[in-house]
Amino acid sequence: MGLNYLAFAIPAFFIFVYIEYKISQNQKRTTVFKYESTVANFSIGIAERLLNLFIAASFYQLYDWVYRNYALFDISSAWYVWVLILLATDFVWYWYHRLGHEINFLWAAHIVHHQSEEFNLSAAARITTFQALFRNIFWCVLPFIGFHPTMIITILLVHGAYSFFTHTQLVGKLGWLEHVFITPSLHGVHHASDEKYLDKNYGDVFVFWDKLFGTFQTEEEPPKFGLTHPLKSYSFLWQHFHYYLEIGEAYKRANGFKAKWNALFGSPALMDQNIRPILERKFRQDKIKQQSKPRFKFYLNTQLIIVVAMLTGLTLYFNLMNITDQLAILFFIIITLINIGALLEQRKWIYYLECFRLILVLAYLFYSFNIFGLVVFPIAALIFLERTISLSKIYIKYVFAYQSIK
């Protein structure tokens with residue numbers, strides 16, 4: 001296998017987000033974008049694209065295995081079949097999406113997509129690898145019916161591209177199209193935390209399923225976006241795993257089989273809302289969100305640009321690289337994304353993560369040049385600098401702005 005030209009979708013995504021940002025500025029709609037939320041959105045999207053590189057091929061293999069062994073029908077690839085598979089894909093999506101809101105362990109994967117309190121194209125990136133895994137299991141229905149795996153992968157790309165453009169506030173209602181397609185207005189309703197908008201508009205392309213199953217809602221009052229109980233953190237790790245911890249705590253508290261079953265498979269609406277504040281205090285994620293300071297924005301933006309460039313390059317050349325290089329880039333990007341979240345949160349432990357990242361980079365370089373044993377010297381140098389000039393305090397002084405953040 002050669003180059004993966006889907007890599008160019010990554011810079012295209014950022015170009016579209018930038019265009020939306022400039023338009024919102026020109027229209028003086030300052031609430032459409034918020035720096036911290038946008039960076040958090042990017043970070044989650046980068047992680048999903050990165051991890052998906054290592055498992056995407058297995059999705060096709062899974063579809064192919066189901067198709068070859070269990071397909072109910074031998075469906076052709078005639079032109080009208082593409083219409084059928086689009087409808088079938090959106091129907092499966094509707095039920096995956098709806099169950100993702102109604103079952104706790106599925107909501108734990110999907111909740112990340114709804115955490116952003118700003119609704120813009122960058123929010124479309126808030127997909128976790130867990131969510132990608134779950135929905136691809138649902139899509140196994142398609143090869144089981146008899147659609148060819150190649151058709152499935154192709155239509156999923158189209159399906160995903162369409163849904164990207166429904167995450168924007170800059171497009172108003174679209175007349176008669178609102179009665180056929182999921183538009184930005186209708187999908188904005190789905191992302192709202194207002195009582196009347198909750199659990200509505202699960203469709204991804206068409207509105208048929210929502211109207212058929214009673215979950216359709218037009219936009220009336222302007223939506224308030226985000227969760228009904230917003231997170232107090234931009235932490236990359238906390239945003240991914242907080243709800244799994246909540247499920248674990250609910251399961252631990254539950255008495256009896258039924259209660260424990262509900263902790264795992266019950267409705268998120270029934271989750272004890274006292275659990276999250278307790279976990280936030282325990283894991284120190286209960287800070288009041290603050291505006292980031294210009295002092296570290298340049299440093300953060302530089303890291304973001306680097307990981308986007310690395311992700312694009314890794315995607316393009318993935319099939320030509322050895323596993324050692326692939327994993328080295330994987331770990332570097334993940335650590336950097338955690339680093340970015342810690343910068344937004346102004347966490348002092350980031351200094352130690354920085355040291356670990358530096359050692360990881362040097363260890364990889366030394367390994368590449370067959371001098372891995374020399375990695376002990378930069379470790380010793382870091383310890384020496386900390387003991388002699390308090391390197392951690394210098395780092396905090398020039399990267400953080402604790403004294404001006406309450």
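The values are calculated or read from the model by the stated rules, or taken from the named source; none is laboratory data. Just so we're clear, the structure is a prediction, and the values are computed from it rather than from any experiment. When we count neighbours, we look across all protein chains shown, and the Cβ atoms used for this are built from the backbone with ideal geometry, even at glycine. Quick note on the areas: whole protein, heavy atoms, side chains included, nothing else; ligands and nucleic acids left out. Shrake-Rupley method; radii C 1.70, N 1.55, O 1.52, S 1.80 Å.
Mind checking which residues of the range 113-133 are assigned to a helix (DSSP H, G or I) and surrounded by fewer than 23 Cβ atoms within 10 Å (Cβ to Cβ)?
Those that are assigned to a helix (DSSP H, G or I) and surrounded by fewer than 23 Cβ atoms within 10 Å (Cβ to Cβ): H113, H114, T129, F130, Q131, A132, L133.
Being in a helix (DSSP H, G or I), in contact (Cβ under 8 Å) with a residue 60 or more places away in the chain and open to solvent by 30 Å² or more (accessible area, probe 1.4 Å) holds for only one residue in I15, I55, I46, and it is I55.
Elements of the type helices (runs of 4 or more DSSP H) sitting completely within the range 322-406 and holding at least 2 residues that are within 28 Å of A40 (Cβ to Cβ): these cover 323-345, 350-368, 391-399.
Return the total of residues in the range 88-112 being within 23 Å of P223 (Cα to Cα) and either among the basic types (K, R) or open to solvent by 40 Å² or more (accessible area, probe 1.4 Å) (or both). Residues that pass the stated criteria total 3. With respect to the stated conditions, I85 fails to be β-branched (V, I, T), under 22 Å from C140 (Cα atoms) and open to solvent by 20 Å² or more (accessible area, probe 1.4 Å). Of the numbered criteria (1) assigned to a loop (DSSP other than H, G, I, E, B); (2) over 17 Å from H101 (Cβ atoms), the one I152 fails is (1).
Out of the range 66-97, which residues are small (G, A, S) and without any contact (Cβ under 8 Å) to a residue 12 or more places away in the chain?
Initially, the range 66-97 is screened for residues small (G, A, S), giving 71, 76-78, 88.
Scanning the range 66-97 gives S76, A78.
Determine whether the range 60-67 contains at least one residue that is in contact with a Leu (Cβ under 6 Å, 6 or more places away or on another chain), assigned to a helix (DSSP H, G or I) and open to solvent by less than 20 Å² (accessible area, probe 1.4 Å).
Step one: filter the range 60-67 for residues in contact with a Leu (Cβ under 6 Å, 6 or more places away or on another chain), giving none.
For the range 60-67, residues in contact with a Leu (Cβ under 6 Å, 6 or more places away or on another chain), assigned to a helix (DSSP H, G or I) and open to solvent by less than 20 Å² (accessible area, probe 1.4 Å): absent.
Count of the range 26-36 residues, restricted to those that are open to solvent by 10 Å² or more (accessible area, probe 1.4 Å) and closer than 19 Å to S116 by Cα, is 6. The condition of being under 30 Å from P277 (Cβ atoms) and in contact with a strand residue (DSSP E or B) (Cβ under 7 Å, 6 or more places away or on another chain) holds for only one of F206, F241, F225, F236, that being F225.
Among the conditions (1) without any contact (Cβ under 8 Å) to a residue 40 or more places away in the chain; (2) surrounded by 18 or more Cβ atoms within 10 Å (Cβ to Cβ), L343 misses just one, which is (1).
For the range 1-12, filtering for residues that are in contact with a Ser or Thr (Cβ under 7 Å, 6 or more places away or on another chain) and either surrounded by fewer than 16 Cβ atoms within 10 Å (Cβ to Cβ) or assigned to a helix (DSSP H, G or I) (or both) leaves 4.
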